[in-house]
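Trainee: Quick one: this structure, given as structure tokens, is what I'll be asking you about.
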Amino acid sequence: MVKPKFFKKVLDNGISVLLEKRKNSGVVSVAFGVKCGGINESDEEKGISHFIEHLLYKGTKKRTAMQISEEIERRGGTLNGYTEEEITIFLCKMPSEHLSIALDVLSDMVKNPLFEEKEIEKERKVIFEEMKMRKDNPQAYVYDKIQSLLYEGNLAKDLIGTEETLLKMDRKKLLERFSKTYGTNNLILCVVGDADFDYLCDFAEKNFKKKIVSLLEPKLKLKNETRIDKKVGIDQANLIFAYHCPNATNKKVYASQVLGNIMAGGMSSRLWQEIREKRNLAYGIRGSCHNGRLFGYNSIYIGTSRDKIEEVKKIILAEFKKIKDLTEKELNQVKEQLIGNSRISREDSQGQMLDLLYNEIYGDPKLSYKYEKNISKVKMEDVKKIADLKNFSFLALVPEE
């Protein structure tokens, strides 16, 4: 593989600028990442980071909400944004010749949001509908709730917040929160595509005045619980099996990713073969690795019949015990799978841009380019040690009888 041209600079105003230069690609992915998310909120303000993310698309001093989307989409671009536990991201993907438009629109959003009273009330209703949508979706529901069985405190609360917390967020509170978190030392400008690094640095330096902020750092307490929730109007039991793993700053995180892939990483994985192919107990089986700077856990989602929940759980636990018999051949096959998946994801400029952003949050964006090496170095004993589960959390949403 050709070694990518990567540049990073922390500007005098505090902004971190990242660029992976791809000549003649024709497309550029651009994002502003804010090093703040749900994990930095108090219980009383749960959901405020997500609320602010929504409002930044609702108009600035220069643009209406319609103009924000038009300037990107009418030039063939796509515009998106989302909030996670440790980062909020505003991004777009554009034809390369419109890089300046992308920078201007996104920087305007993160600098000059209006927070108009009428838009706050309208968007509050939109988020209430988003809550209903996620509650009505069994898969989304179990994914949203599993952290409450893994952690006490902040991470046990839904990222989106509750109707109660959102109803208490008026314009004053939203502006205060925005002012305390959207400082230049908390901003990352990340670009992947045909761009000039000096131009990006000059833009970020000229368009942002220095503003230093500090964030609430949560104290996390781990736990493990099992819970069965019931819901009327569904036919299938949706379950999540989850266990604590190293966080993204721990080198053992790569071993946890290998383990996650062995167990539920595609149709060749152990649980897919055992639960779906051999026993026909499920249609959907999906494994996920959730690794942040301050936390880490793996999860396995399975949809099955209500009366098969205990059987499926026993199969999962049995397969973890069988990891003690893991062979070098299977280990190396899974490493190759993860490396290939990474290459496919990073081929897309937006996928690589997000990978750089996350690794910047974890402490070193260049880890993006060391992924293959770090996966290759995973040792058998590290995978087996993580698979030797002492505890786990389990949540099932089942049909109401």
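The values are calculated or read from the model by the stated rules, or taken from the named source; none is laboratory data. Since the model is a prediction, treat every value here as computed from it, not as a measurement. Glycine gets a Cβ as well: all are built from the backbone with ideal geometry, and neighbour counts include every protein chain shown.
Trainee: Within 19 Å of Lys390 (Cβ to Cβ), among the β-branched types (Val, Ile, Thr), modelled with pLDDT of 95 or more and out of contact with any Lys or Arg (no Cβ under 9 Å at 6 or more places or on another chain): which single residue out of Ile309, Ile316, Ile323 fits that description?
Mentor: Result of the check over Ile309, Ile316, Ile323: Ile316.
Trainee: Cβ-Cβ under 6 Å, sequence separation 6+ or interchain: first residue in the stretch 367-385 and free of Cβ contacts under 8 Å to residues at least 12 places away in the same chain, partner crowded, with 18+ Cβ neighbours inside 10 Å. Which pairs?
Mentor: Leu367/Asn359
Trainee: Still on this structure, I have one more. From (1) crowded, with 20+ Cβ neighbours inside 10 Å; (2) of a type in the set (Asp, Glu); (3) within 30 Å of Val232 (Cβ to Cβ), pick out the condition that doesn't hold for Asp355.
Mentor: (3)
Trainee: Take the stretch 311-347 and flag every residue that is without any contact (Cβ under 8 Å) to a residue 24 or more places away in the chain and not in a helix (DSSP H, G or I).
Mentor: Hit for the stretch 311-347 is Thr327, nothing else.
Trainee: I'd like the full set of residues that are closer than 16 Å to Tyr301 by Cα and surrounded by fewer than 20 Cβ atoms within 10 Å (Cβ to Cβ), limited to the stretch 236-263.
Mentor: Gln236
Trainee: Which condition breaks for Val142 when tested against (1) farther than 30 Å from Leu106 by Cβ; (2) surrounded by fewer than 21 Cβ atoms within 10 Å (Cβ to Cβ)?
Mentor: (2)
Trainee: A further question on this structure: Those residues that are part of a loop (DSSP other than H, G, I, E, B) and among the hydrophobic types (A, V, I, L, M, F, W, C), I need them from the stretch 16-56; list them, please.
Mentor: Cys36, Leu56
Listed here are the residues, each with its yes/no results for (1) among the acidic types (Asp, Glu); (2) in contact (Cβ under 8 Å) with a residue 60 or more places away in the chain; (3) assigned to a helix (DSSP H, G or I); (4) touching a Lys or Arg at 6+ places or on another chain (Cβ under 7 Å).
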residue	(1), (2), (3), (4)
Lys93	no, yes, no, no
Glu97	yes, no, yes, no
Leu103	no, yes, yes, no
Asp108	yes, no, yes, yes
Phe115	no, yes, no, yes
Lys118	no, no, yes, no
Val126	no, yes, yes, no
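Trainee: How many residues are out of contact with any strand residue (DSSP E or B) (no Cβ under 6 Å at 6 or more places or on another chain) and either crowded, with 19+ Cβ neighbours inside 10 Å or at negative phi (or both) if we restrict to the stretch 264-282?
Mentor: 9
Trainee: Search the stretch 57-91 for residues being part of a loop (DSSP other than H, G, I, E, B) and in contact (Cβ under 8 Å) with a residue 60 or more places away in the chain, and hand back the single one that is surrounded by the fewest Cβ atoms within 10 Å (Cβ to Cβ).
Mentor: That would be Glu84.
Trainee: Scan the stretch 195-216 residue by residue and report those that are loosely packed, with under 13 Cβ neighbours inside 10 Å and either basic (Lys, Arg) or touching a residue at least 24 places away in the same chain (Cβ under 8 Å) (or both).
Mentor: Scanning the stretch 195-216 gives Lys206, Lys209, Ile212.
Every residue, every condition in (1) among the aromatic types (Phe, Trp, Tyr); (2) in contact with a Leu (Cβ under 8 Å, 6 or more places away or on another chain), yes or no:
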site: Asn154; (1), (2): no, yes
site: Gly161; (1), (2): no, no
site: Ile188; (1), (2): no, yes
site: Tyr199; (1), (2): yes, no
site: Phe208; (1), (2): yes, yes
site: Leu215; (1), (2): no, no
site: Pro218; (1), (2): no, yes
site: Leu222; (1), (2): no, yes
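Trainee: For the stretch 16-35, does any single residue satisfy the condition of being touching a strand residue (DSSP E or B) at 6+ places or on another chain (Cβ under 9 Å), of a type in the set (Asp, Glu) and surrounded by 14 or more Cβ atoms within 10 Å (Cβ to Cβ)?
Mentor: Yes: one or more hits.
Trainee: Consider Asn80 carefully, then state whether it is touching a Phe, Trp or Tyr at 6+ places or on another chain (Cβ under 7 Å), under 30 Å from Pro218 (Cα atoms), modelled with pLDDT of 95 or more and of a type outside the set (D, E, K, R).
Mentor: Here the answer is no, as Asn80 does not meet what is asked.
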